[in-house]
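Rule-based calculations on the coordinates, nothing more; no lab input. Small disclaimer: the values here were computed from a predicted structure and weren't measured.
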Amino acid sequence: MEFEQDSTLTLPLFLFDDTLSDRDLEQPDFEISLPLDDELLTQLCQNPSEDSSIAISVESYQLTIVNPELADIAEQQHDAQLTLTRGPLLSAVLITADQQTFVSPQMDMMPTFDLGDEDE
């Protein structure tokens, strides 16, 4: 997955329950879209050490309802964060006011950099 400044990162979210492993990845409950600004890109460029993760709180995001049965959750208060684990692997977590948790599958993520250096 490549990231570009001023683009949008969109990840599917699924209710974290006993049926999660049987869910169709093409049918999420929500999609979370995050604007990739300088600050978020800087945080995403971290690479956690073995057996650790980095939680990144996100304030600016948009939820898109995919499962109409859960439409009322979009109206509730909720908090979102991104999680980086060794790899690096990226996932999103959304927790609602009534403690329902929605998660995205982990995605391989390798940020690329253009440092302006040219081989001579």
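Before moving on, here are some points about what is shown:
- The chain pair-distance distribution - Cα-Cα, 10 Å bins, rounded %: 12, 42, 32, 10, 3, 1
- From helices alone, the chain scores -2500 deg cm²/dmol at 222 nm; the rule is -39500 (n - 2.57) for each run of n ≥ 4 DSSP H residues, then divide by the residue total.
- Residue-wise HN-Hα coupling along segment 41-46, computed from phi with Karplus coefficients 6.51, -1.76, 1.60 (Hz; x: Gly, Pro): 4, 4, 5, 6, 7, 6
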